[in-house]
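> Pasting a structure here, questions to come.
The values are calculated or read from the model by the stated rules, or taken from the named source; none is laboratory data. Just so you know, these numbers come straight off a predicted model, no measurement behind them. Ideal geometry is used to build each Cβ from the backbone, glycine not excepted, and the neighbour counts take in all protein chains shown. These area figures cover heavy atoms from the full protein model, side chains too; ligands, DNA and RNA do not enter into them. Shrake-Rupley method; radii C 1.70, N 1.55, O 1.52, S 1.80 Å.
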Amino acid sequence: MRIVAAELHLVRLNLVHEFRTSSHAKDHLEHILIRLVDESGAVGWGEIASSPDPYFNAENTASCWMVAHDYLLPAVLGAKWDNPAELTALWNRVRGNYFAKAGIDVAAWDLWSRTNESSLSVALGGIRREVTAGVSLGIEPTIDELLAQVEKQVGMGYHRIKLKIAPGWDIEPVRAVRDAYPKLDVHVDANAAYTEAPEHLAALRGFDAFGLTMIEQPFAARDLLAHSRLQQSIETPICLDESIEQLADLELALSIDAIQVLNIKVSRMGGLSPALAAHDRAREAGLPGWCGGMHEFGIGRAANVALSSLAGFVLPSDVSGSEKYYARDILTTPIAAVDGIVKVPSGPGLGFTVDSEFLAKNRHKYAELSVR
Ligand code: MG
């Protein structure tokens, strides 16, 4: 297989509800859609779902555009490969920049599985025909507004609610949700906002009273030792997200008991190929996994659905329906969750069609590269 042309489309969509985490707030999304074409004319789509600012990790939309356009796509264009897993070797001189890599990796997987007339799920080794979706709720101005959001999502049938937390917005909102929904699958995500200061540790230990499924990423990404120390002193399983960019990070976390649940995120790990490797290692280690999201548009969301169909994704994934985040998706048929369940498409590749007219209307920047 040989990719001969690539396009980058910077597309902006407004969020239906502002989303706030411990580090920032956003009311719209700007993602870079990647379209690859091989020498037979077959097409594959991927999505670079980076945040606009370098707050989740060191990347941002502008850095992703530059790295994809100037380094990654030139490394891929014209090269011969048989399996999308080989792309990693083509750009191995480029350090980090996992979100940028992920968009191109997903496009290559879509192209490859379409060419083989296989669904992406089957190409990845998926076994599920439907996946259980969870929703992620941001930090709200008041506890009453948070409870209204939880009520809305539970009413939509979602099976798991994740609450974003930060120092000062932790025990009380979680207590309120737990009091209102004693049996709901609830977990919290701190996005690395806590330290080992006594008042922070008191809050984190306090979560043991609420029967949470997990506490996600309480401390800084590189501070695996702090996660290990906390896990030894609490019952609630610690889940790592930002800490795990490479398999070596997972190995280290396992070796010091800093992790009991793994959030596998396609963007954070640099694509489906590394996500697949992390899935296999987590399964071998007996670590339950779930697929995390970055508020992807339909393309990235469809890749998450396909990945979540693998056997090791035993907890609900961040694959809620498109309408939870934006009024209209860039797919002709948006991804839908019915009673918190998303069907895994059986059609070739990602299993969805890009709405090119709607994409063009919402596009703010475009570039193309090609080789003969
Ligand atoms: Mg997270």
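For every residue, the table says whether it meets (1) farther than 15 Å from Pro288 by Cβ; (2) among the hydroxyl-bearing types (Ser, Thr, Tyr); (3) away from the ligand (no atom under 15 Å from the Cβ); (4) open to solvent by 10 Å² or more (accessible area, probe 1.4 Å).
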| residue | (1), (2), (3), (4) |
| --- | --- |
| Leu224 | yes, no, yes, yes |
| His227 | yes, no, no, no |
| Gln232 | yes, no, yes, yes |
| Glu235 | yes, no, yes, yes |
| Cys239 | no, no, no, no |
| Ile244 | no, no, no, no |
| Asp249 | yes, no, no, yes |
| Ser267 | yes, yes, no, no |
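> Give just the number: which of (1) surrounded by 22 or more Cβ atoms within 10 Å (Cβ to Cβ); (2) farther than 14 Å from Leu240 by Cα; (3) in contact with a strand residue (DSSP E or B) (Cβ under 7 Å, 6 or more places away or on another chain) does Leu262 not satisfy?
(2)
> Still on this structure, I have one more. With respect to Asp241, is the statement that it is of a type in the set (Asp, Glu) and closer than 20 Å to Ser51 by Cβ true?
yes
> Going by the conditions given, is Val122 away from the ligand (no atom under 16 Å from the Cβ), within 30 Å of Asp38 (Cβ to Cβ) and not basic (Lys, Arg)? Even if it seems obvious, please write down each step before you answer.
Working: away from the ligand (no atom under 16 Å from the Cβ): yes; within 30 Å of Asp38 (Cβ to Cβ): yes; not basic (Lys, Arg): yes.
Yes: the conditions hold for Val122.
> Would you confirm, using the coordinates I've provided, whether Ala49 is in contact (Cβ under 8 Å) with a residue 40 or more places away in the chain and within 26 Å of Ser322 (Cα to Cα)?
yes
> Continuing with this model, one more query. Which one is nearest to the chain's Cα centre (by Cα), of the residues in the range 52-79 that are without any contact (Cβ under 8 Å) to a residue 12 or more places away in the chain and open to solvent by 40 Å² or more (accessible area, probe 1.4 Å)? Before the answer, list the steps.
Step one: of the range 52-79, the residues without any contact (Cβ under 8 Å) to a residue 12 or more places away in the chain are 54, 60, 62, 66, 70.
Filter once more, so that each one left must be open to solvent by 40 Å² or more (accessible area, probe 1.4 Å): 54, 62, 66, 70.
Numbers: Pro54: 16, Ala62: 19, Met66: 21, Asp70: 24 Å.
Among those that are without any contact (Cβ under 8 Å) to a residue 12 or more places away in the chain and open to solvent by 40 Å² or more (accessible area, probe 1.4 Å), it is Pro54.
> Among all residue pairs at least 6 apart or on different chains, which show Cβ distances below 7 Å where the first residue, located in the range 253-265, is closer than 26 Å to Phe99 by Cβ and in the same structural domain as Cys291 (by TED's automatic domain parsing) and the second is assigned to a strand (DSSP E or B) and away from the ligand (no atom under 13 Å from the Cβ)?
Qualifying pairs under 7 Å: Leu262/Gly289; Ile264/Gly289.
> Quick one: which of Ala202, Ala193 is more than 16 Å from the ligand (Cβ to nearest atom), hydrophobic (A, V, I, L, M, F, W, C), open to solvent by 20 Å² or more (accessible area, probe 1.4 Å) and outside the structural domain of Phe56 (by TED's automatic domain parsing)? Lay out the reasoning, then the answer.
Details: Ala193 fails: more than 16 Å from the ligand (Cβ to nearest atom).
The unique qualifying residue is Ala202.
> What number goes with the only condition from (1) at pLDDT below 95; (2) in contact with a helix residue (DSSP H, G or I) (Cβ under 6 Å, 6 or more places away or on another chain) that Arg328 does not pass?
It is condition (2) that Arg328 fails.
> Residues in the range 291-303: is at least one under 25 Å from His200 (Cβ atoms), open to solvent by less than 30 Å² (accessible area, probe 1.4 Å) and in contact (Cβ under 8 Å) with a residue 12 or more places away in the chain?
Scanning the range 291-303 turns up at least one residue that is under 25 Å from His200 (Cβ atoms), open to solvent by less than 30 Å² (accessible area, probe 1.4 Å) and in contact (Cβ under 8 Å) with a residue 12 or more places away in the chain.
> Starting from the range 233-245, take each residue that is at negative phi and list its partners that are hydroxyl-bearing (Ser, Thr, Tyr), counting only C-beta distances under 7 angstrom and pairs at least six apart or across chains.
Pairs found: Glu245/Tyr98.
> Looking only at the range 305-359, count how many residues are in a loop (DSSP other than H, G, I, E, B), of a type in the set (Val, Ile, Thr), in contact (Cβ under 8 Å) with a residue 40 or more places away in the chain and surrounded by fewer than 16 Cβ atoms within 10 Å (Cβ to Cβ).
0
> Okay, next question. Which ones in the range 205-222 are touching a Leu at 6+ places or on another chain (Cβ under 9 Å) and either open to solvent by 20 Å² or more (accessible area, probe 1.4 Å) or modelled with pLDDT under 95 (or both)?
Result: Arg205, Thr213, Ala221.
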